[in-house]
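What follows is one structure encoded as structure tokens, with my remarks underneath.
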């Protein structure tokens, strides 16, 4: 994946300017990220489940110490989505929102690659982060442990079935993050997405010291598209990938807390006229606003956060709107770079 650089200050700097898109408590690393947590509200309008196996796939990648692989697989797409966004991408389950979120992940990985090569003396210039389209994924009915999960599968069930499908195709192994884009806007049990231990970190090992088959994570693009905006969809997609690159002990060493959401930034900026906006980076998305319905994102995250511990948080009182930038905070990039160093050293040993 080619390098990308930003010439201006990072998003946590007061003079930062970048391309953004505007849109009108505490602990649990493994909680659903930005869960659609108003359960009664969501349950009142029903749920959308996933529905069958993995389609013909791309070749399983064999990664080496100089490569990190990020593989993004689309889940099932309900027919109304194609009517809304057009049929481009229909054959391979890649509607426009999925393609734009995939491009956002590519850009974020380019930011990381550039930062890592320029700031680490242990990562060579030939280090590569490869972002690729993975196979489409369906959930066969027999894969769910209980009948109720056919309608509203839990995040753990979605991740388990996703991992089983990848294992069946020999896609697991090596330092890799496998991302599932799903379209389940009414499934509060999945929320905006998330990952779970022991497959929550790229290169993580299980309790017995064996490899944990890489990381798997879910980004519920359908939820952010229906309840929020494309800008938030892009940020949540990046957010879920970076969860797998930010181990708590490194997060704490850089940020002062072990909560990776606190690596994000929310900076006040003056926009056109007298409007004031709060510009939010990916790791702060769904956590930068008040914990209430419509506080920045439509639904607030249920994971850990502390605005006082953010890389930067200028407060949301009096802001006219929230803006979302795909530019990552320097703290996020620094922690991810340290983790890449650790992974490379472990594989070389």
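The values are calculated or read from the model by the stated rules, or taken from the named source; none is laboratory data. Computed from a predicted model, the values in this text were never measured in an experiment. Cβ sites come from the backbone with ideal geometry, for glycine too, and all protein chains shown count toward neighbours.
Per-structure values
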read-out	value
Count of the range 82-103 residues which are buried (at least 21 other Cβ atoms within 10 Å of the Cβ) and assigned to a helix (DSSP H, G or I)	4
Residues (at pLDDT below 95 and part of a loop (DSSP other than H, G, I, E, B)) located in the range 317-349	317, 318, 319, 320, 349
Scan of the range 106-134 for residues that are part of a helix (DSSP H, G or I) and touching a strand residue (DSSP E or B) at 6+ places or on another chain (Cβ under 6 Å), ordered by number	106, 109, 113
Unique residue being modelled with pLDDT of 95 or more, assigned to a loop (DSSP other than H, G, I, E, B) and touching a helix residue (DSSP H, G or I) at 6+ places or on another chain (Cβ under 7 Å) when the list is 180, 172, 246, 250	246
Given (1) modelled with pLDDT under 90; (2) under 24 Å from residue 259 (Cα atoms), index of the condition residue 80 fails	(2)
